[in-house]
Amino acid sequence: MDWIQAFLGVLQPQVFLYLVIGVVSGGLIGALPGLTATMGVAVLTPISFWLKPECGFAMLIGVYNSAIWAGGVSAILINTPGTPASIASTFDGYKLTQKGYSALALNINTVYSVLGGLFSSLCLIFFAFPLAHFALQFGPAEYTTLALFGLTMMVSVSGISPIKGLLVGFLGLLFSTVGLDSIQAYKRYTLNNSALLDGLNFVPMMIGLFGIGEILYQIYTSDSQEKLVVAEVKGTKQFLTPKEFGKLAPANLLTGIISVIVGAIPGAGGDIASIICWGQAKKMSKHPEEYGEGSLEGLSVSCTANNAVIGGAMTTMLSLGIPGDAVTAILIGSLMMYGMTPGPQLFIENNPFVLTLIAQLILANLVILIFGLTTSRIYPKILKIKKTTLWVVVIMCCIIGSYAINNSYVDIIMMSVAGIFGFILRVMDFPQGPFILGMLLGRLLESNLRRALSLTMGNYSIFFTSPICIVLLSISVLSLVWPSIKKQLKKRAA
Amino acid sequence: MRRRIFLTLLVLLAVGSAFAQAKYPTKQINIVVGASAGGTSDTVTRFLAKDIEAQLGVPVVVTDKPGGSCSVAFEYMAAQKPDGYHLMYMPVESAMVKAMGFTQLEPKSVRYFAHAMFLPATVTVNSKSPWKTFNDLIAYAKANPGKVTVGNSGTGSIWHFAAVGIEQVCGVTFNHVPFDGGAAAATAVMGGHVDVATVAPGEVLAGVKGGYLRVLAIVDTKRSALYPDVPCFKELGYDVKILAWGAFAAPAGTPDSVISVLEAAFSKAIQSQGFQDLCVKYGFTPGYMDAKDAQAFAESQARWYQEEVPKLKLK
């Protein structure tokens, strides 16, 4: 009964209108590289205070879900992740575009993002408290082993040459040490510049490495005689067949489960989840060689992962009042502005409001489905414009996006340097994925390792006494040796 | 004739500039915040900006430039034209960054024109913890030096100093564990990974209401409106040395006439009922000070941290 009321509440014209406004603006914010979901929600939060709570939240939830989904659009079309959560979508998505299947790739992004979002909403309804309590078990030692497990994915995201992948991966780890160290506040490689105190900013680095790097590479390899069109858009295949859909189901179900858990763990978000899931799915796939070359499974998994994180993050926020990621941290702030404190008592005190929130989450995903499928025919049209025009537009977006994230010119410089670095990597046939993974996980690994050791006064046993640590360490070792075991098994079978 | 024209022009110029000064503000005012959107600094500034906008009749735009405990924004603001159109929210960190070696700037380098509020630390433990009162905790810490793990919001952050201040006044030694922000430290206490967190009242509110956390004391001279039943440090017989705070400043050289316009507008906004209500919701202690007092206070804080930071022996 309460549920029916909650859904009817969201379907009120006024509330629904704000939900749609949220989805549409989130679609624009997410698709522009550098404008992240966090930023979209942060910018719209002050506006939401002028509205009734249910209207304000409908808008914020719409932006949050839609920006994460739309991040995949630019990842697929121009090889630049719109938000960090869609880094893994560039691996297969952009390859599909180059092959002329951009419409198919965009539809996969929409359908699987929505499925991921809906799956995580269901988890939020049924398992909110158990999930949140599991997430609380994550202390410094557990984070350390989680980061280690994430790093084992470096091999998976390396492409054909693991040695090259590991080289750039460890370079990424090295770059993650720039800035104040998180335990002693000691300045490392800051060149006495206050802008470097917080380290190299992740988003501009990502935009430069993927976006600018790709553009420079295209300019470098383009033939002046060539017809300056990026890719033929083959209109024939736009949707997956039911059979293909069935084939992709197991990998995506597993991805959904992993991502909801990662989302529930505070501090680990869509960026980590999508890379871990992509690497894991590759290992378990029957066709790992297709991953990174335009695998439908690879793309679908990365799309499911980043949106399934949302339900997980909302779980910890609503049931414990702890932010599951940067966006939910802002949402907690706005809940407090409305006089509500997220946490177990909110489930009781403002119960109808929580139901409304979940109903908004589900409806936002349905709106994204419609919006995404109708616009997937329009987006690829931008690929039909002249290459040179597209290059200029993408470079401009990259510059604006990297400035906007912190309003800092230093970020533009970082983005440009990262772009040149990304170009060199492309020319020398080094993968960019491991570098970004090293930068992403380096801080998490270092700060938590040292934090765990300062808790125990330097005793390493903390990593072998917690069940979560043992499991994570075991699967890390297993995922490293699995390829060679697989080879041996194949040999024996043959 | 020439002389006459010259004199007329001179008079016109003088009148014109006086007129221009009297007319401040005539265009958009920018306030920079040295932290990310959604945090305490950002929330307070955006809230007050709306009020200032209505009072002065010009747009007031808030921009976040996070980095280096506010030193990135501090350096940006100090380098702007001192015309009253570039202001900054000054958190307690503005008095600490020079001592920490993040920047050469200090409160003396700029003009504070209003002090908004204070923010006390809480002493928070897990609800399953054996310590029911603050004295239980101190008794245990005295018997077991260095055993109690205390989570703070980062080395050299204000909540790290809060824990150090407790050590000093209570004569105990903690094992300090820095986290990435106060919320992360509170979460670690909820999960039982550290014993105590010394973070802001708002950061532990959800955990306390949900029955996961217990606040043992408020490090302040008054009780907190969010936790009326929890004793404050003064009641417990301890001296309070460390509080977080928030103020506003403009670049050095901003003319007095401009400062007085800003002072009047911010005084009204900070003492408005709306801001007082916001303070109650987030657990801040309202504490308006005018330009002179805000400047003196910030400078005295900077002197204190200049002495205390080297004692941490970070390097």
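With a 10 Å cut-off around each Cβ of A:130-138, the average count of Cβ atoms from other chains is 2. Label sites at A:VAL427 and B:THR173, each approximated as a point 7 angstrom past Cα along Cα to Cβ, lie 5.7 nm apart.
Approximating the spin labels as points 7 Å out from Cα along Cα→Cβ, the B:LYS142-to-A:ASP2 distance works out to 4.9 nm.
For the range A:135-208, what is the convex hull volume of the alpha-carbon atoms per residue, in Å³? Before the final figure, lay out the partial values.
On the way: hull volume 10.2 nm³, N = 74.
Residue-normalised Cα hull volume stands at 137 Å³.
For B:LYS147, the lysines whose Cα comes closer than 19 Å to its Cα, not counting residues fewer than 8 places off in the same chain, are B:LYS128, B:LYS132. Rounded to the nearest whole Hz, the Karplus-based 3J(HN,Hα) values (6.51 cos²θ - 1.76 cosθ + 1.60, θ = phi - 60°) of the range A:278-293 follow the sequence 5, x, 5, 5, 5, 4, 8, 6, 7, 10, x, 5, 6, 5, x, 10, with x at glycine and proline. Averaged over peptide A:340-346, the number of partner chain Cβ atoms lying within 10 Å of each residue's Cβ comes to 5.
Normalised by residue number, the volume inside the convex hull of the Cα atoms of chain B is 130 Å³ per residue. The value of relative contact order for the range A:289-379, using C-alpha pairs under 8 Å at least six residues apart, is 17 percent.
With r as the distance between the Cβ atoms of B:THR63 and B:ALA252 and R0 = 22 Å, compute the FRET efficiency 1/(1 + (r/R0)^6) and round to 0.05.
The formula returns an efficiency of 0.60 here.
Computing FRET efficiency as 1/(1 + (r/R0)^6) for B:LYS241 and A:GLU290, where r is the C-beta to C-beta distance and R0 is 56 Å, gives about 0.35.
Each Lys and Arg adds +1 at its Cβ and each Asp and Glu adds -1 at its Cβ; summed about the Cα centre, chain B shows a dipole of about 560 debye. For the segment A:182-194, counting C-beta atoms of other chains within 10 Å of every residue's C-beta and taking the mean gives 5.
Could you tell me which trypsin sites (Lys or Arg not before Pro) in the range A:137-217 are loop residues by DSSP with no more than 14 other beta carbons within 10 angstrom of their beta carbon? For trypsin sites (Lys or Arg not before Pro) across the range A:137-217 that sit outside H, G, I, E and B with at most 14 neighbouring Cβ atoms in 10 Å, the list is empty. Taking only the Cα atoms of the range B:89-166, the radius of gyration and Dmax are 16.7, 48 Å.
State the answer as a single residue: which of A:GLY422, A:ILE385, A:ASN448 lies farthest towards the positive end of the charge dipole of the range A:371-459, with beta carbon charges of +1 for Lys and Arg and -1 for Asp and Glu, about the Cα centre. Checked the options; the winner is A:ILE385. Out of all Cα-Cα pairs in the protein assembly as shown, roughly what percent, to the nearest whole number, are more than 53 Å apart? Percent of Cα pairs beyond 53 Å in the protein assembly as shown: 13.
Under 5 Å from the amide H of B:ILE31 lie the amide H atoms of B:VAL61, B:VAL62, B:THR63, B:LEU87, each residue being 5 or more positions distant or on a separate chain, with H modelled from the backbone and absent for Pro and chain starts.
Magnitude of the charge dipole for the range B:62-155, about its Cα centre and with charges confined to Cβ atoms of Lys, Arg (+1) and Asp, Glu (-1), is about 320 debye. Remark: spin-label model distance A:LEU28-B:SER267 equals 4.3 nm, labels positioned 7 Å along the Cα→Cβ axis. Since only B:MET96, B:SER260, B:PHE118 are under comparison, the one whose Cα sits farthest along the positive direction of the charge dipole of chain B, derived from C-beta charges on Lys, Arg, Asp and Glu, is B:SER260. Which residues make up the longest stretch of chain A that has no GluC sites (Glu not before Pro) in a DSSP loop with at most 15 other Cβ atoms within 10 Å? Between the exposed loop sites, the longest stretch runs A:1-225. An ellipsoid equivalent to the range A:161-313, defined through the eigenvalues of its Cα gyration tensor, has semi-axes of 33, 26, 14 Å when rounded to whole angstrom and sorted largest first. In the protein assembly as shown, the calculated helix contribution to ellipticity at 222 nm averages -20000 deg cm²/dmol per residue, counting -39,500 (n - 2.57) for every DSSP H run with n ≥ 4. Taking amide hydrogens as placed 1.01 Å from N in the peptide plane, the amide H of B:ALA247 sits under 5 Å from those of B:MET90, B:ALA116, each at least 5 positions away in sequence or on another chain. Remark: the range B:290-297, residue by residue, has Karplus-estimated 3J(HN,Hα) of 7, 4, 5, 5, 4, 5, 4, 5 Hz, where x stands for each Gly or Pro and the curve is 6.51 cos²θ - 1.76 cosθ + 1.60 at θ = phi - 60°. Along the charge dipole of the protein assembly as shown, pointing to its positive end and built from +1/-1 on Cβ of Lys, Arg, Asp and Glu, which listed residue (A:ILE125, A:ILE272, A:GLY213) has its Cα farthest out? Comparing the listed Cα positions along the dipole, A:GLY213 ranks first. Sequence-ordered 3J(HN,Hα) estimates for the range A:29-40 from the Karplus curve with 6.51, -1.76 and 1.60 and θ = phi - 60° stand at 4, x, 6, 7, x, x, 8, 8, 4, 4, 5, x Hz, glycine and proline given as x. Using a cutoff of 8 angstrom between alpha carbon atoms and counting only pairs six or more residues apart, the relative contact order for chain B works out to 25 percent. Using only side-chain charges placed at the Cβ, +1 for Lys and Arg and -1 for Asp and Glu, the dipole size of the range A:288-410 relative to its Cα centre rounds to 680 debye.
With a threshold of 26 Å on the Cα-Cα distance, the over-threshold entries among A:LYS52/B:LYS281; A:LYS52/B:LYS23; A:LYS187/B:LYS108; A:LYS247/A:LYS386; A:LYS386/B:LYS65; B:LYS142/B:LYS311 are A:LYS52/B:LYS23; A:LYS247/A:LYS386; A:LYS386/B:LYS65.
Calculate, in nm to one decimal, what A:SER461 and A:HIS133 gain on full extension: separation in residues at 0.36 nm each, minus their alpha carbon distance.
Between A:SER461 and A:HIS133, full extension yields an extra 115.7 nm.
Over chain A, Cα pairs under 8 Å with separation of 6+ residues give a relative contact order of 28 percent. Beyond 19 Å, what percent of the Cα pairs of the range A:61-158 remain? Pairs farther apart than 19 Å: 58 percent.
Laboratory data are not the source of any read-out in this text; all were calculated from the coordinates shown. Worth saying up front: this structure is predicted, and the values here are computed from it rather than measured. Note that we place each Cβ from the backbone using ideal geometry, even for glycine, and neighbour counts take in every protein chain shown.
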